[in-house]
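Remarks on the structure that follows.
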Amino acid sequence: MGSATSSMAAKFAFFPPDPPSYSVYVDEPTGKLRISDVHPRDDVDVVKLSTKKGNEIVAMFVKNPCASLTLLYSHGNAADLGQMYHIFTELSLHLGVNLMGYDYSGYGQSSGKPSEQDTYADIEAAYKCLEETYGIKEEDVILYGQSVGSGPALELAIRLPHLRAVVLHSPILSGLRVMYPVKKTFWFDIYKNIDKIPFVNCPVLVIHGTEDEVVDFSHGKQLWELCKEKYEPLWLKGGNHCNLELYPEYLRHLRKFISAIEKLPRVQSLPEPSADQLESSLKTIDNKEKARSSTDQKEKSRSSTGQREKSRLSTDGREKSRTSTDKREKSRKSTDRSGKARNSTDQSERARNSFDRLGDMVRSVGLCNVDCLKHAALEA
């Protein structure tokens, strides 16, 4: 059931460009990988990374010699590196940061098929590359999640206690909440960002357009309200889901944020959590749903008990009615006993009444059993 639900959710959640907007080739003079249809740049590395899910994803690293911070960017839906290439290089230049962007499994020239768990493995592979290939430290990394990319960004953020900061660009509360205004988290939902954001300990910047037609503005607003370390949000009036980069305030506010983060001391005072502590934090999200499920079961039990109580009261009512009839019958019999001539008739009447009471009891028990079976069937 779980795998089938995940597969169904993936069909609704992921829309990789088809066909991909780029291809990857080897530049013969340098031996480096390149992305097609863009001017080759010496400050851009194109790499292929293996994930723990067995896929090979394509990533690009934009180097800025003046940078002290690195942006790990998880792009939105219906986009790939070919479409994001120029945005990434421009952001690196204007923000003064290194930037790592990557394609999810099944996007662009990355192998495999997209799924929630695969995107988690994808961002882990990209982060590992930053550490091992480029020597970038955790406390110098800012995670940037756009739209559906907010899912893998927050999943990694809650696992990195010394992370410098997080940027959420048109983020989602969860996959299901994009389609329906549900009030609680269901087990089959994907990207449960609403339950993860309270576990992020670094500063968080949220950017959202007020006229977003894909992910309602309320998603970004609620995530910001749930942040531990809130940074001044950017609510772009009139902005929709795909045009926030066109607003002058967008780049200006990002520059201000990066400058503020650079002045903050590295997050080194927090102790490194043990594996048990991290696992306990992650399980808290699932325990919330289990608690809600248990409450629902108790509510059903109370409802079932109430129905049985109604059935018992109905039976008691019939019993009281029968008792009242018996009392009247006894009164009549007492009067009849004064006449010896009616003794024979009284004996037969008592026999008939005894049979009637037994019939009432049988019918009463039968009705009770039927009601109980009905409730059991409904509960099942």
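Going through (1) part of a helix (DSSP H, G or I); (2) closer than 24 Å to L130 by Cα one by one, I194 falls short only on (2). Would you confirm whether any residue within the range 108-116 is under 17 Å from I190 (Cβ atoms) and in a helix (DSSP H, G or I)? Yes; the residues of the range 108-116 include at least one that is under 17 Å from I190 (Cβ atoms) and in a helix (DSSP H, G or I). Within the range 189-204, residues that are in the same structural domain as A165 (by TED's automatic domain parsing) and within 20 Å of L71 (Cα to Cα) have Cβ atoms under 8 Å from residues that are of a type in the set (F, W, Y) and buried (at least 20 other Cβ atoms within 10 Å of the Cβ) in these pairs: P203/Y231; V204/W224; V204/Y231, counting only partners at least 6 apart in sequence or on another chain. Within the range 218-241, the set of residues being surrounded by 17 or more Cβ atoms within 10 Å (Cβ to Cβ) and under 14 Å from R177 (Cα atoms) comprises H219, G220, Q222, L223. Scanning the range 122-169 for residues that are closer than 24 Å to C66 by Cβ and part of a helix (DSSP H, G or I) returns A126, Y127, C129, L130, E131, E132, E138, E139, D140.
Looking at the structure I just gave you, is G31 surrounded by fewer than 16 Cβ atoms within 10 Å (Cβ to Cβ) and out of contact with any Leu (no Cβ under 7 Å at 6 or more places or on another chain)? The answer is yes for G31.
Residues that are of a type in the set (D, E) and free of Cβ contacts under 8 Å to residues at least 40 places away in the same chain were ranked within the range 44-100; the one that is farthest from S150 (Cα to Cα) is D45.
The values are calculated or read from the model by the stated rules, or taken from the named source; none is laboratory data. Remember, predicted model here, so these are calculated numbers, not experimental data. Cβ coordinates were reconstructed from backbone atoms using ideal geometry, including for glycine residues, and neighbour counts include every protein chain displayed.
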